[in-house]
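Data block below; observations after.
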Amino acid sequence: MQEIFNQFINEIRATTWLEYIGVAAGIASVLFSRKENILVYPVGLINTIIYIYISVKGSLFGEASVNFYYTVMSIYGWILWAKKDSHKTIILHISYSSKKEWMQQLLFFGVFYVAIFFSLSFLKNAFESNTIPWADAFASATAYTGMWLMAKKKIESWYWWAATNIASIPLYFVKHYAFTSVQYVVFLILSFMGLISWMKKVKQQHS
């Protein structure tokens, strides 16, 4: 335990200014999403672009692909969240997924998990990288699913975010990105807060 603690302290000291900026932008983005504030997307773009670079540098190719996907989906989500009707009223509202949508989510996750797992396994064998295929694929596939659902304002997106955060905490720590692993601890807490907040908003919409 002492050895893990010492490793954590040493890696926190070695954290770059770029990682600090990325973490700050990431936490701010999640706070905005919890409040259903459209700033989640422009602020989130700062985080995702920085983490594409950090992930590639750390041989986290699955996470790099996730952050590239985040970047694209942030633009898509920004457009959806900004849409208004002729009365200047926001069109997209928070909602629960139907049984059909749940099946689509599970299929979406499954397809991406298998694709990412085999892609990372190939990269690991071909380039002898320190990638962890099964863990990276799980973190990536759950994140892909969560971001897709966030763009559509589905409450279930927070469940997928929680799964992503749980997987990413140890994944980044073993890759020597201790401060980023702390970020995912904060994200995990915020994902539960976001879930509760969105549930309350849906209840208010139907009251």
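The values are calculated or read from the model by the stated rules, or taken from the named source; none is laboratory data. Predicted model, so just to flag it, every value in this text is computed and none were measured. Because the Cβ atoms are built from the backbone with ideal geometry, glycine has one as well, and the counts that use them run over all protein chains shown. Each accessible area value is taken on the protein alone, full model and side chains, heavy atoms only, with ligands, DNA and RNA left out. Shrake-Rupley method; radii C 1.70, N 1.55, O 1.52, S 1.80 Å.
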Legend entry - Search result, residues across segment 13-66 that are among the aromatic types (Phe, Trp, Tyr), open to solvent by less than 50 Å² (accessible area, probe 1.4 Å) and within 30 Å of residue 125 (Cβ to Cβ): 51
Inset, instruction - Would you be able to tell me the number of residues in segment 100-132 that are farther than 16 Å from residue 160 by Cα, of a type outside the set (S, T, N, Q) and open to solvent by 100 Å² or more (accessible area, probe 1.4 Å)? - result: 5
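A quick yes/no check of all residues on (1) at pLDDT 85 or above; (2) in contact with a helix residue (DSSP H, G or I) (Cβ under 7 Å, 6 or more places away or on another chain); (3) of a type outside the set (D, E, K, R); (4) within 17 Å of residue 183 (Cα to Cα):
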site: 21; (1), (2), (3), (4): yes, yes, yes, yes
site: 24; (1), (2), (3), (4): yes, no, yes, yes
site: 38; (1), (2), (3), (4): yes, yes, yes, no
site: 55; (1), (2), (3), (4): no, yes, yes, yes
site: 67; (1), (2), (3), (4): yes, yes, yes, yes
site: 85; (1), (2), (3), (4): no, no, no, no
site: 93; (1), (2), (3), (4): yes, yes, yes, no
site: 118; (1), (2), (3), (4): yes, no, yes, no
Inset, instruction - Determine which single condition residue 99 fails, assuming it passes every other condition in (1) within 24 Å of residue 158 (Cα to Cα); (2) within 19 Å of the chain's Cα centre (by Cα). - result: (2)
Legend entry - Single condition residue 88 does not satisfy, out of (1) assigned to a helix (DSSP H, G or I); (2) loosely packed, with under 15 Cβ neighbours inside 10 Å: (1)
Legend entry - Subset of segment 169-202 (residues that are open to solvent by less than 20 Å² (accessible area, probe 1.4 Å), over 25 Å from residue 107 (Cβ atoms) and out of contact with any helix residue (DSSP H, G or I) (no Cβ under 6 Å at 6 or more places or on another chain)): 175
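Yes/no per residue for (1) in a helix (DSSP H, G or I); (2) modelled with pLDDT under 90; (3) over 25 Å from residue 19 (Cβ atoms); (4) under 19 Å from the mean Cα position of the chain (by Cα):
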site: 52; (1), (2), (3), (4): yes, no, no, yes
site: 75; (1), (2), (3), (4): yes, no, no, yes
site: 107; (1), (2), (3), (4): yes, no, yes, yes
site: 126; (1), (2), (3), (4): yes, yes, yes, no
site: 130; (1), (2), (3), (4): no, yes, no, no
site: 149; (1), (2), (3), (4): yes, no, yes, yes
Inset, instruction - Look at residue 90 and say whether it is free of Cβ contacts under 8 Å to residues at least 40 places away in the same chain, over 22 Å from residue 168 (Cα atoms) and within 21 Å of the chain's Cα centre (by Cα). - result: no
Legend entry - In segment 73-84, residue nearest to residue 137 (Cα to Cα) [restricted to those that are open to solvent by 60 Å² or more (accessible area, probe 1.4 Å) and either charged (D, E, K, R) or in contact (Cβ under 8 Å) with a residue 60 or more places away in the chain (or both)]: 76
Legend entry - Test: residue in segment 159-168 that is under 11 Å from the mean Cα position of the chain (by Cα), under 22 Å from residue 112 (Cβ atoms), buried (at least 22 other Cβ atoms within 10 Å of the Cβ) and β-branched (Val, Ile, Thr): yes
